[in-house]
Every structure is written in C-alpha cells, then in structure tokens.
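What follows draws every value from the coordinates through simple rules; no lab data is involved. Note that the structure is a prediction, hence the values are computed from the model and not measured. All Cβ positions, even for glycine, are placed from backbone atoms using ideal geometry, and neighbour counts span all protein chains on display.
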Amino acid sequence: MNPNLAQLHPYPFEKLAQLKLGIVPPADKTAITLSIGEPAHPTPAFIGNTLSAQISGLGVYPTTKGLLELRLAIATWLSKRFAIPADAIDADSQILPVSGTREALFSFAQCVIDANSDSRPIVIMPNPFYQIYEGAALLAGAEPYFVNTTAENSFLPDFSQIPEAIWQRCQLLYICSPGNPTGAVMSGEQQAQLIKLAERYDFMIASDECYSELYDDEQQPPTGLLETAYRIGNNAFKRCVVFHSLSKRSNAPGLRSGFVAGDAEVLQRYFQFRTYQGCALPLPTQHASIRAWQDEQHVIENRRLYREKFAAFISILDEVCVIEKPAAGFYVWLQTPISDTEFAQRLFTHENVTVLPGSYLSRDAHGSNPGTGYVRIALVAPLDECIKAAHRIKNFLNSLATA
C-alpha cells in the first residue's frame, strides 16, 4: 500500500458522525442538516432534458479532451465572466473538462509535484481549507504548509508571513476564492502579488473558484486568477490554473462536471496524465454542460435565492450574536461562545440542527488552530428550513447565555 495513506486525516464528516454517535435528538423537532455544502436548489430543467435527449451518447467512448463545442462554450463563458478578450483563451490548448473540481484538484497535484526533488516539496494552502488540498499534497509525496486565515487578516491568507525557505521548496499553492468556509474574496491586487511570487520561486497556483458565481453584489463579482494574470500582462497565464464547476453555479453536484483552464504548457502534460487516469465526461454530460455554461439566468436566480436566505437567517440571529454576511459563497462562519465541537454536539442534541465544527476543517499550525471556536453553517436547505434553523440556533444561544 502507498505509505502516504497513513498520513491522511479522517474526513470532516467522519468526525462529525462520531461526534453525534449515540445521541438521540428531540423527536418533536425535524432534522435540519446545514453541515454539508451540497446545493439543494432545483437543478435547471434544461440540464435533465438535455441529458435525456443525448442518452444515445452513452454508447460512445468520450475523449479526455471532450467535445470542441464544450470547450468553446467554456472559453466564451470565461471571456465574458472575467473580462478576458475572446482571442486570449485557446479552447484547444488552455481548457480541459473534468469530473467536477474535487477530482481535478486532487489529480492536479499528482501530476505537477516532483517528489524526487532535492528536498521534500511543499504545497502551500489556506487554513481552514478544503481537505482535498491536504490529501492531494500528502499522496503526491509533498509536505502541506498551512497559512492561517483569521478575523485579524479578514480570513484571507497573508503570504507575506511565509519564510523564504518555504517559498524555495514550494511547488504548488492552492488558493480558494471565494473561500470555503469563510466566503472571503481575494482582491486582484492580492492575486497579482501571488503571481509575482510564483514567477520568482517557480511554483504553480491552483485557484479553486468553484464558489465564484455565488456572490452578494451583482456589480462586484469576485475576481478570477486568469483575469488578474491577463490584466498584469501574463497573457499566457503562466503558472496559473483555475478550477470551475457546475455543482454550485448550476445546482448540479451530481452532474460531476467542471473544467480546468490556464497555462497551456502545464495543461498539455495534465492532459497526458488524465488520458492515463481515464477521467472523461460522458457525452450526455458534456451536452448538458454546454447548455449550462451558455445560460446565466438560472445563475442569477440562484444568487437571489441565497441572498434571500442570508437576509432571513442573519436578521434572526444578529440579536443574539455577532454574525456577518460573507461577500460570497453559501456558508456562515459563526463564532461560538463555547468550543466548536461542544456547540455542534449540543445544538444537535437539543435542537436537531447539524452544523460542522470549524476545527474539523483546519489543522494546528503556527501555534493555533484557526477553525477552533467557529462552526460552518451551509445555507443550502430551503428558505423555510433555514429560518426554522435560525430560530433554533437563537434559542440555543439564549440558553447558553442564561445557563
């Protein structure tokens, strides 16, 4: 067996299941699960209709690179969404369809990490983080290096605090903007500084942008890494690769459809890797994805639904705690008056509401665990359930205050 498997931590939801083990919540309160970031808004009907109409495509082996029509649809969307000239994105060499961002974020590290370098390679990532980053680094033979994101730095990684020796060993850096779990958004200036560091120390930037279409202000969508690269003159997107998905944008997590775009030279090698790996999108999925990337109305409606839930949820809870609306994403990163694990456990025990302890999403690093004392609340349930959950959390907080 791969010895690096022994370094993997239990997945957060495994820990959560253990935390809840043996507890019987009140029978008169229906279960409300706000722990998993699984979109629950209806998947647009045209996606299912297209899948059905193209079902004969299951009789054909799909290619790793996917249909040209799909890559052209993605290139057009990238150009419009991130203000990049249409002729600056080559659909043939700078875009690859993938089976959702999760598998791509993992496999990308296996492709680009050189474990035979003179010193053990380092993969830098935010902390808290999407656990795939850590697992990908460990199984590629690299050492994760965590950059704590806290309230003091607006929940964004402060790369100026990373020692020179770490940069010299860095081969890959993961960023997530908008961030999971905090919803914090990196500015173009911060991204530009990071690109300059990548040029100086010769590492790849893997930008997880799967929450990029869930933002609060219609006039200020989050900046993308390729957008910033083009703006500062890196027109070939050297050392820059972005990951996008239809899971959150189009409420289609089961479609398992996304893409990787950026540095053509790197993607050519990644294409070779994926050819051997055997991940190719079925043709019906590709046709449904084309339709999804070409339509924005369902995405605008999606954002409206999340704004509605955030407004209702926060208006109920801001009377009893400090709660802020994130710039993007669908999570509330709530500070807890007791330990995050005790809060999650007791909330489930008394109110039958499930949230995720923040410490399950982070690691002890540089003397602290930045997820400690927070819970992640995913506002993915229907509006009425989110309102009901907010009232139950409010009751629970009041009970803590009077205990």
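Observations, loosely collected:
- Neighbour-limited loop hits for GluC sites (Glu not before Pro), segment 306-403 (at most 11 other Cβ within 10 Å; DSSP other than H, G, I, E, B): Glu319
- Kirkwood Rh (inverse of mean 1/r, distinct Cα pairs), the chain, angstrom: 22.0 Å
- When +1 charges are put on Lys and Arg Cβ atoms and -1 charges on Asp and Glu Cβ atoms, the dipole computed for segment 56-294 relative to its Cα centre reaches about 620 debye.
- With R₀ fixed at 35 Å, the C-beta to C-beta distance from Ile232 to Leu5 puts the FRET efficiency at about 0.30.
- If you plug the beta carbon distance of Arg200 and Asp92 into 1/(1 + (r/R0)^6) with R0 = 22 Å, you get a FRET efficiency near 0.15.
- For Asp158 and Leu72, the FRET efficiency from 1/(1 + (r/R0)^6), where r spans their Cβ atoms and R0 equals 30 Å, is about 0.15.
- Only the Cβ atoms of Lys and Arg (+1) and of Asp and Glu (-1) were treated as charged; on that basis the dipole of segment 1-93 about its Cα centre amounts to roughly 220 debye.
- Axis of helix 100-112 versus longest Cα principal axis of the chain: the two differ by about 50°, to the nearest ten degrees.
- Cα-based equivalent ellipsoid, segment 97-251: semi-axes from gyration tensor eigenvalues, Å: 23, 18, 16
- Taking amide H as placed 1.01 Å from N in the peptide plane, the amide H of Tyr374 sits under 5 Å from that of Thr336, Asp340, Gly358, Ser359, each at least 5 places away or on another chain.
- Peptide ranges 174-182, 54-62, 216-224 listed from the most packed, as the mean C-beta count within 10 angstrom indicates: 174-182, 216-224, 54-62
- Directionally averaged projected area (convex hull, Cα atoms, segment 177-275), nm²: 7.3 nm²
- Relative to the longest principal axis of the Cα atoms of the chain, helix 283-294 runs at roughly 80 degrees.
- Residues of type lysines that Lys196 reaches as a straight line, Cα spacing below 18 Å, ignoring anything fewer than 8 places off in the same chain: Lys238
- Near the amide H of Ala252, within less than 5 Å, lie the amide hydrogens of Ser247, all on another chain or at least 5 residues away, with H placed in the peptide plane.
- Computed extension gain for Asp118 through Ala365, at 0.36 nm per residue and net of the alpha carbon distance, reaches 86.4 nm.
- Measuring between alpha carbons in the structure, the pairs from Lys29/Lys248; Lys248/Lys309; Lys15/Lys388; Lys20/Lys325; Lys29/Lys309; Lys65/Lys248 lying more than 18 angstrom apart are Lys29/Lys248; Lys15/Lys388; Lys20/Lys325; Lys29/Lys309; Lys65/Lys248.
- Separation of alpha-carbon centers, segment 81-138 and segment 199-272, rounded to whole Å: 9 Å
- Here is how the number arises for the chain: DSSP H runs of 4 or more residues each give -39500 (n - 2.57), the sum is divided by the residue count, and the result at 222 nm is -12500 deg cm²/dmol.
- With contacts taken as Cα pairs under 8 Å and at least 6 residues apart, the chain reaches a relative contact order of 25 percent.
- Length available on full extension from Gln220 to Thr63: 0.36 nm per residue minus the Cα-Cα distance, which gives 52.9 nm.
- Under the combined filter of DSSP loop state and at most 11 neighbouring Cβ atoms within 10 Å, segment 331-384 retains none of its chymotrypsin sites (Phe, Trp or Tyr not before Pro).
- Residue order, fewest to most surrounding Cβ atoms within 10 angstrom, among Ser315, Ser99, Ser289: Ser315, Ser99, Ser289
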